[in-house]
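The values are calculated or read from the model by the stated rules, or taken from the named source; none is laboratory data. The model shown is predicted, which means the values in this text are computed figures rather than measured ones. Cβ atoms come from the backbone with ideal geometry, glycine included; neighbour counts cover every protein chain shown.
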Amino acid sequence: MEVLFGKETVFQQLEEAYNSKIPVIIKGFSGSGKRFLISYLEKKVKQKSFRTDGNDSLNTSRLLGWFDPVTTLKKGYCEESFIPGPFLKALKTGGIFFFQEVNRAPSETVNVVLTALDEKIVVVPKLGEIKAHPDFFAIFSVSEGDKIGTHLLPRAFYDRCITLSLSLPPSNETLELIFKHHYPSIDPLLINKVTKLLDQSWQHPQVEAGASINAGIQLLRLLQSQISEPENELSSLSFLDIAVASFAKKIVLVPTADMTQTEVVQDLARRVETNRLFPPKKRFTPKDSDFTEWGSSGKRFQTLKDKEEQEEEIRLSAQIYQELAKTQPSYQLLYEYARMAVQGGAITPLSTLSKAVPDTVSRAFIELGVPADLLLYIDEIALSDIFLKIRGRLSDEVKQQLLKLLIPEIMQKARVISERGKHSGTIKYLPYEPGKEWDIYETIERMLSLGEKKPSYDSIVCPEVDKRKKAVVLCIDSSTSVIQMMHRITLTAAVLAHCLRDDHFAIIAFDTSPHIIKSIHQERSIYSVVEDVLLLESGGRTDISSALVEAKKQLAKLNQAEKKVIVISDFEPTKGVEPIRNIHEFTDFRAVVTWRQKLSPMVKQLQGLRNVTIHNLSNSTNLVKLISEMLFES
Amino acid sequence: MVDLSPLKANIIGREKEIEILSLSSKAGVPILLEGDVGTGKTELAKQLADSLDRPFYRIDGNDSLNAIKITGWFDPALVLEKGFSMETFVPGPLAGAMLNGGVFFFNEANRAPSESVNAVLSALDEGVIYVPRLGAIKAKEGFLPIFTINPREHIGTNPLPRAFYDRCAWINLEHQSIDDMIEIVKLRVPDVSDEIALFSCQLVKMTWDHPDIETGSSVRGAIQLAYLLTLRGMDDPEIISQVAESVITKKIVSSPSTEKEEHILVKEVVKMVLNG
């Protein structure tokens, strides 16, 4: 049996979970040893694991099982014609189901395993119920700190599992042991150097997230192959060159960094060689990464860790209340909370408080700076609300800190929404082409209904979501009354930016005059678009008509026949010429009306126009539905 | 033992990069080549594959590339006859390279949707992929993945997951030095005079350094320019300017902070180079 190298505690928890058959999520950065832990468990409990890897093409049938087409065509849908997939195999035989990188699979696929985890039963369409073997156990792995190409997992999923975290990096001593164990032929001094470099990559002031153990292993592999070179071909590469190749792309720089990744690694390598090391930084806490990866919805799972988290939140809340009460006697309410906390009574966490009394909390932010630890507990809607109220009075540094928390949240949510919105497109079935995903069920259905027994390429069909290239301009009214809906508006803009990534898309903000945030052919990252929308200043008067003229100019750059404009506004123009006559110029005009007590006269006028559709935007609006309607329905 | 002498003979300059390539291919570490257009990413990868003398599987990233096209698919008519098995599976470039211990060359990986790259992740570190309805495909000895990507900020590229960067050794290809460029131009343009080669390369280099130009031209621009100038001669500055405009204008992008259009910038650059 191999050595566990400092993962003893986590493994013990995993084994306990196995014995009580509670599903486990193992989280950790890439290279933190998730897979190793599972293979260790496999050997220890002498059970086979059935593995599947999450990626976009993993659908339900690939996970559960499928009907063998040959038998199905002969005998119809029955147990005999069914071939179980990895999940069902584990479920039936009592094996370990290992779902690697579960958050890279579509969220819908994950839903299938949920009931099984809970009720130990799976329902297979056209076949019926299958009961789980008592030994069935499921492990899911999730890479931390990687948002690209991942999906949000449903909260119900977290509810059913225990989360084990490998987020805390191993100590330098442990690392050295691991490296020595795997590369016994490498000079211990060199191993020490690689370990130091790995550790230093986390301490460099320009680095946000340092390199993983993988980077260290890769560097050692390259160094080893350099050592084994025959003498006459001795390579001229220095430690520095090889360090850059294996480290540079694996570190994440802080947004304000003025060095490139290569320069940082060169700096690190030189420092390690001359022993001018950076002092240890305060580590990236696991809580922080939980937040950025999973958003507020994923945080409150009911596990052991959860309770600790709650206690930690309350402790921090109490601390800040006390601090506030000390500096500002006027914070009576907070003072009360602090007093209660001291007396051991129940205490309301700041996350709840910021919803109830956002003004008080906002003031606290301005006066005390941002208590970063606490921000993590405030949900994104409350946070954007607070941001809206106080951004004008915040220092640039604090503003950046808040944006850094808010934008990834909004982007991640927008992504999930736009993924769901995609499905509202109509599915067409097209003839088969090599390399295309084909729909086996649809094909078999078709053959069965036509009575065909012999397959031919004509009977095979491929699903394709109908997606025409679109040209859309989004106009955002930034007058005071509208910007109150900031969170919804930012989210709408972000979802649209996602949905329309490959299409012609422009964003114009308008108040007294129009400002282009993104023009039609301009490439802008969604991140910076969201940032700009969040930072929109609310202006004095509203000139809808010149915004529409600008929108027209944008669309004129294209020769598409369909010209769509989406306007988010309260439709109360207070400046400029009468906008109605400009509206005739667009083939499809979508008015997204922010909620008001009285309908504006312009909306009434719009209702009579043939090319106009009116949508209402309020805090209860279903964004998926709204955007699907705006984009996919004509 | 890998013999890289043909690689070294066919590529001008790039000694360090070639050595890292060689180390990575020996250690079996996946390789990621990053560089601007015209820095010779594809050429370098192809030459490496040539000197390795292994089967070569290539795929190019674009918007419609999905996981299935990378790994492989089932032939539908055969499946309906024989069911899902290795027999009815058509290996894609990834599965092909793994099954035959070849080079998997994924060109322009960041022009494919971010999600498609997920399909290659397990092949990179464990040398195995799990094909639904088929099972595990293990990589044979010799399997070597090579990727090329464009720098992040370029139009039409998608961000790649960290898990991907984490698994590859990275080689950054900067633009060639002016001496290397001149050598390349002389190699590619027969009968080119020293004067023309120098002028073409200096002009391209100037497009990298000009403050109003965001993206400059590449050695391709220098080669084309040298070709045309060899035909037209270097006597008339007006003609030189015309030729340069037609070759370079569409290869550069002016920076957003300037009002000047690209062809005006080219004229400026020509004047600057001609006047030293």
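Within the range B:140-161, work out how many residues are in contact with a helix residue (DSSP H, G or I) (Cβ under 7 Å, 6 or more places away or on another chain), at pLDDT below 90 and at the interface with chain A (Cβ under 10 Å from one of its Cβ atoms).
Of the residues in the range B:140-161, the ones in contact with a helix residue (DSSP H, G or I) (Cβ under 7 Å, 6 or more places away or on another chain) are B:140, B:143-150, B:156-161.
The next check asks that each one be at pLDDT below 90; those that pass are B:150, B:156-161.
Then keep just the ones that are at the interface with chain A (Cβ under 10 Å from one of its Cβ atoms); that gives B:156-161.
Count: 6.
Would you check which residues across the range A:83-109 are closer than 26 Å to B:V120 by Cβ and more than 14 Å from chain B (Cβ to nearest Cβ) and list them?
A:I96, A:E108
With at pLDDT 85 or above, facing chain A (nearest Cβ under 9 Å) and touching a helix residue (DSSP H, G or I) at 6+ places or on another chain (Cβ under 6 Å) as the only criterion, which of B:G92, B:G61, B:G83 stands out? Write out each step before concluding.
Numbers: B:G61 fails: facing chain A (nearest Cβ under 9 Å); B:G83 fails: at pLDDT 85 or above.
Matching residue, one of B:G92, B:G61, B:G83: B:G92.
Rundown of residues vs (1) farther than 22 Å from A:N214 by Cβ; (2) within 12 Å of another protein chain (Cβ to nearest Cβ), yes/no style:
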position	(1), (2)
B:F106	no, no
B:P113	yes, yes
B:L121	no, yes
B:V128	no, yes
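Six or more apart or on different chains, Cβ under 7 Å: which pairs go from a residue in the range B:162-183 that's closer than 19 Å to A:G210 by Cα and within 7 Å of chain A (Cβ to nearest Cβ) to one that's of a type in the set (D, E, K, R) and in a loop (DSSP other than H, G, I, E, B)? Could you list them?
B:R162/A:D146; B:A163/A:D146
Whether any residue in the range A:580-588 is touching a Pro at 6+ places or on another chain (Cβ under 7 Å) and not hydrophobic (A, V, I, L, M, F, W, C) is what I want to check.
Applying the first criterion (touching a Pro at 6+ places or on another chain (Cβ under 7 Å)) to the range A:580-588 yields none.
Within the range A:580-588, not a single residue is touching a Pro at 6+ places or on another chain (Cβ under 7 Å) and not hydrophobic (A, V, I, L, M, F, W, C).
Read through the list (1) outside any strand (DSSP E or B); (2) within 14 Å of chain B (Cβ to nearest Cβ); (3) closer than 16 Å to A:G28 by Cβ, then give the number of the only condition that A:V112 fails.
Result: A:V112 passes all but (3).
Any idea which residue in the range B:6-56 is surrounded by the fewest Cβ atoms within 10 Å (Cβ to Cβ), counting only those that are among the small types (G, A, S) and more than 10 Å from chain A (Cβ to nearest Cβ)? I'd like the intermediate steps shown before the answer.
First, pick out the residues of the range B:6-56 that are among the small types (G, A, S): B:9, B:13, B:22, B:24-25, B:27-28, B:35, B:38, B:40, B:45, B:49, B:51.
Now drop any that are not more than 10 Å from chain A (Cβ to nearest Cβ), which leaves B:9, B:13, B:35, B:38, B:40, B:45, B:49, B:51.
Values: B:A9: 10, B:G13: 15, B:G35: 21, B:G38: 20, B:G40: 25, B:A45: 22, B:A49: 22, B:S51: 20.
Result: B:A9.
When the residues of the range A:193-212 are filtered to those that are within 13 Å of chain B (Cβ to nearest Cβ) and surrounded by fewer than 20 Cβ atoms within 10 Å (Cβ to Cβ), which remaining residue is farthest from A:T9 (Cα to Cα)?
A:E208
Here is a check on your reading of the model: is A:I508 at pLDDT 90 or above and crowded, with 20+ Cβ neighbours inside 10 Å? Walk me through it before giving the result.
On the way: at pLDDT 90 or above: yes; crowded, with 20+ Cβ neighbours inside 10 Å: yes.
The answer is yes for A:I508.
If we scan the range B:68-79, do we find a residue that is of a type in the set (S, T, N, Q) and either modelled with pLDDT of 85 or more or closer than 17 Å to B:F147 by Cβ (or both)?
Yes - at least one qualifying residue is present in the range B:68-79.
Got at least one residue in the range A:616-623 being touching a residue at least 12 places away in the same chain (Cβ under 8 Å), surrounded by fewer than 18 Cβ atoms within 10 Å (Cβ to Cβ) and small (G, A, S)?
yes
Can you name the residue in the range A:237-247 that is closer than 15 Å to A:Q200 by Cβ and crowded, with 24+ Cβ neighbours inside 10 Å and, of all such residues, is farthest from the other protein chains (Cβ to nearest Cβ)? Lay out the reasoning, then the answer.
Step one: filter the range A:237-247 for residues closer than 15 Å to A:Q200 by Cβ, giving A:239-240, A:243-244, A:246-247.
Next cut, crowded, with 24+ Cβ neighbours inside 10 Å only: A:243-244, A:246-247.
Numbers: A:A243: 11, A:V244: 8, A:S246: 5, A:F247: 8 Å.
By that ranking, first place goes to A:A243.
Quick one: count up the residues across the range A:580-602 that are over 20 Å from A:F632 (Cα atoms) and surrounded by 19 or more Cβ atoms within 10 Å (Cβ to Cβ). Even if it seems obvious, please write down each step before you answer.
Residues of the range A:580-602 that are over 20 Å from A:F632 (Cα atoms), as a first pass: A:580-585, A:594-602.
Now restrict to residues that are surrounded by 19 or more Cβ atoms within 10 Å (Cβ to Cβ): A:582-583, A:594, A:602.
The qualifying residues number 4.
What is the residue count in the range B:121-139 for residues that are at pLDDT below 90 and under 21 Å from the mean Cα position of the chain (by Cα)?
So the answer is 1.
Exactly one condition in (1) more than 8 Å from chain B (Cβ to nearest Cβ); (2) surrounded by fewer than 16 Cβ atoms within 10 Å (Cβ to Cβ) is not met by A:I217; state its number.
Failing condition for A:I217: (2).
One residue is enough: does the range A:184-192 have a residue meeting the conditions within 14 Å of chain B (Cβ to nearest Cβ), touching a Leu at 6+ places or on another chain (Cβ under 8 Å) and crowded, with 19+ Cβ neighbours inside 10 Å? Spell out the reasoning first.
So the first thing to find is which residues in the range A:184-192 are within 14 Å of chain B (Cβ to nearest Cβ), and the list is A:185-186.
From what is left, the residues that are touching a Leu at 6+ places or on another chain (Cβ under 8 Å) are A:186.
Cutting the leftovers down to crowded, with 19+ Cβ neighbours inside 10 Å gives us none.
No, the conditions are met nowhere in the range A:184-192.
For A:F137, state whether it is in contact with a Phe, Trp or Tyr (Cβ under 8 Å, 6 or more places away or on another chain), surrounded by 23 or more Cβ atoms within 10 Å (Cβ to Cβ) and closer than 30 Å to A:M411 by Cβ.
No; evaluated as a whole, the condition is false for this residue.
Could you tell me which of the residues A:I526, A:I489 is within 14 Å of chain B (Cβ to nearest Cβ), over 21 Å from A:K557 (Cα atoms) and crowded, with 17+ Cβ neighbours inside 10 Å?
Numbers: A:I489 fails: within 14 Å of chain B (Cβ to nearest Cβ).
The conditions single out A:I526.
Can you pull out every residue in the range A:79-88 that is in contact with a Lys or Arg (Cβ under 9 Å, 6 or more places away or on another chain) and surrounded by fewer than 17 Cβ atoms within 10 Å (Cβ to Cβ)?
Within the range A:79-88, just A:I83 meets the criteria.
Cβ-Cβ under 6 Å, sequence separation 6+ or interchain: first residue in the range A:26-54 and under 15 Å from A:F140 (Cβ atoms), partner among the charged types (D, E, K, R) and in a helix (DSSP H, G or I). Which pairs?
A:I26/A:K34; A:G28/A:K34; A:S49/A:E42; A:F50/A:K89; A:G54/A:R104
Whether any residue in the range B:232-242 is of a type in the set (S, T, N, Q) and free of Cβ contacts under 8 Å to residues at least 12 places away in the same chain is what I want to check. I'd like the intermediate steps shown before the answer.
Let us first name the residues in the range B:232-242 that are of a type in the set (S, T, N, Q), namely B:241-242.
From what is left, the residues that are free of Cβ contacts under 8 Å to residues at least 12 places away in the same chain are B:242.
Within the range B:232-242 (the criterion being of a type in the set (S, T, N, Q) and free of Cβ contacts under 8 Å to residues at least 12 places away in the same chain), the answer is yes, since at least one residue qualifies.
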